[in-house]
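Right, one structure below, let's go through it.
The values are calculated or read from the model by the stated rules, or taken from the named source; none is laboratory data. The structure displayed is predicted, hence computed values, not measured ones. Note that we place each Cβ from the backbone using ideal geometry, even for glycine, and neighbour counts take in every protein chain shown. Surface accessibility is based on the protein's heavy atoms, side chains included, excluding ligands, DNA and RNA. Shrake-Rupley method; radii C 1.70, N 1.55, O 1.52, S 1.80 Å.
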Amino acid sequence: RTGLVLENVTLTYPDGTSRLTAVDDVSLTVPPGSTTALLGPSGSGKSSLLAVAATLTVPDSGRVAVGGIEVVADGAALPPARCAELRRTRIGIVFQQHRLLPSLTALEQLTLVAHLQGGRPRDAEPRARAVLAAVGLEEVADRRPHALSGGQRQRVNIARALVNEPDVLLVDEPTSALDHERGEQVVELVTSLTRATGAATLLVSHDESTLGSVDAVARISGGRLLAEPAPTRPAQAR
Ligand code: ADP
Ligand code: ADP
């Protein structure tokens, strides 16, 4: 497992007769088991970079590797079907708005994902239960989303992205709808699950105050990384 590698990634969008550069020559490596926060104001390119890491968007240039698999390299990208397979098997994505299905219990949300990912059907539920336990939700396994608290729904949302034991976990702005304390707890949960599972996690945020538990912070502005990702605290204190 080699985590997430982004090298000299540039992404532009059509903008009238010219192009708008949303991501400008960004290089970023997230090692397995560690969490890097991508911190920047609205419009700075965070979602665009996340979409590149998620194999949802092909950059204009650069290199993208996920769990040792070259997604984009030397001007060529994996075909869409292979990218879709990578998203099922190697990448976990936590969307900002949870998309939990209202009619399914917490456990069923995860079992469904496990089924969709293939593998032996009889392994699906045990796997779902194990992930639910990892996020501390065994007791509410049989509740539907409306009967869960906001924080519990957020945890189901994160758990769902971990069912396939991803090499790379991508988390889109997990704290925006939460108060400060809850936001901090969600980031801490993501950081500790990342350590426990060995995923390489990139977490998008615009709120620095909730990022105390992450391993590194990469600041982005106008599509450019401002500096090398800085460790949040001395290595020996980890
Ligand atoms: P952030 O997630 O930090 O808010 P985005 O990656 O969404 O930033 O946007 C970066 C820049 O790219 C912004 O100027 C935004 O307007 C532009 N942009 C984002 N998505 C598109 C798109 N699909 N088409 C054209 N421009 C886009
Ligand atoms: P409820 O929304 O059922 O009242 P809470 O009181 O725990 O549950 O919600 C606290 C806050 O968290 C609310 O502002 C709500 O909008 C927000 N919230 C609820 N679910 C989520 C979620 N899955 N992700 C992010 N924020 C959420």
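Figure legend. Inter-residue proximity from segment 77-103: first residues among the small types (Gly, Ala, Ser) and open to solvent by less than 80 Å² (accessible area, probe 1.4 Å), second residues part of a loop (DSSP other than H, G, I, E, B) and more than 10 Å from ligand 2 (Cβ to nearest atom), beta-carbon distance below 6 Å, spacing 6+ or different chains. Indicated pairs: 77/58; 92/166.
For segment 160-193, filtering for residues that are closer than 21 Å to residue 41 by Cβ and of a type outside the set (Val, Ile, Thr) leaves 11.
In this structure, residue 188 does not qualify as acidic (Asp, Glu), part of a helix (DSSP H, G or I) and free of Cβ contacts under 8 Å to residues at least 24 places away in the same chain. Before we move on, is residue 136 within 20 Å of residue 190 (Cα to Cα) and assigned to a loop (DSSP other than H, G, I, E, B)? Criteria met by residue 136. The residue that is surrounded by the fewest Cβ atoms within 10 Å (Cβ to Cβ), counting only those in segment 171-180 that are of a type in the set (A, V, I, L, M, F, W, C) and in a loop (DSSP other than H, G, I, E, B), is 177. Between 156, 135, 168, 163, the distinction of being in contact with a Lys or Arg (Cβ under 8 Å, 6 or more places away or on another chain), β-branched (Val, Ile, Thr) and crowded, with 24+ Cβ neighbours inside 10 Å belongs to 168 only.
Of all the listed residues (67, 62, 40), the sole one being closer than 24 Å to residue 207 by Cα and either within 16 Å of ligand 1 (Cβ to nearest atom) or touching a Gly at 6+ places or on another chain (Cβ under 9 Å) (or both) is 40. Checked against the criteria, residue 3 counts as over 18 Å from residue 173 (Cβ atoms), open to solvent by less than 20 Å² (accessible area, probe 1.4 Å) and in contact (Cβ under 8 Å) with a residue 60 or more places away in the chain. Among the residues of segment 56-97, those identified as more than 25 Å from residue 19 (Cβ to Cβ) and part of a helix (DSSP H, G or I) are 81, 82, 84, 85, 86, 87, 88, 89. Under the condition of being at pLDDT 95 or above, under 22 Å from residue 89 (Cβ atoms) and within 16 Å of ligand 1 (Cβ to nearest atom), the residues counted in segment 161-219 number 4. For segment 34-55, a tally of residues being in contact (Cβ under 8 Å) with a residue 24 or more places away in the chain and outside any helix (DSSP H, G or I) returns 13.
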